[in-house]
Structure formats: structure tokens, C-alpha cells
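To start, the structure itself, in C-alpha cells.
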Amino acid sequence: MSQHTPARARVCPDCDGFPTVRVTLGGRDRHGHLRTITAHCPACHGTGTAPVRRPLTVPAGW
């Protein structure tokens with residue numbers, strides 16, 4: 001008997017599923033730690049998934 005696989009979530013096309021990254025600022029603080037900032041994908045707002053696109057419906061008579 002075949003098993004149905006669940007539909008996978010759509011991966012964001014802008015970040016390819018890597019929505020949050022740490023970017024180094026190119027220096028160290030006085031304790032020797034790298035200075036970094038967190039950047040989120042602006043398209044998916046850090047979720048890594050894209051909303052499901054619904055097909056356009058064409059009105060009857062077109």
C-alpha cells in the first residue's frame with residue numbers, strides 16, 4: 001500500500017530557506033569577540049517559507 005507524503009512548505013525563493021544570517025562587522029571588541037549583526041530575509045521576514053500562491057480564477061464567460 002502506498003504512503004502519501006505530506007506537502008512540503010514552499011521555500012522562500014529569495015533566501016533559499018536560510019532566512020537569518022549573522023554578518024561580521026569586520027572587527028573585534030575589547031574582549032576579543034567578533035562584532036556581528038543578525039540580518040533577516042526581507043521577503044519572508046525570517047521564516048524561510050513563502051506563502052502558497054493560489055491560482056488565478058477566471059470569471060465565467062471569459
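So the values come out like this:
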| quantity | calculated |
| --- | --- |
| Members of segment 9-26 found to be at positive phi and outside any loop (DSSP other than H, G, I, E, B), listed by number | Gly26 |
| Gly17 of a type outside the set (A, V, I, L, M) and under 8 Å from the mean Cα position of the chain (by Cα) | yes |
| Those residues of segment 1-34 which are among the hydrophobic types (A, V, I, L, M, F, W, C) and at pLDDT 85 or above, in sequence order | Val11, Cys12, Cys15, Phe18, Val21, Val23, Leu25, Leu34 |
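The values are calculated or read from the model by the stated rules, or taken from the named source; none is laboratory data. If you're wondering where the values come from, they're calculated on a predicted model, not measured in any experiment.
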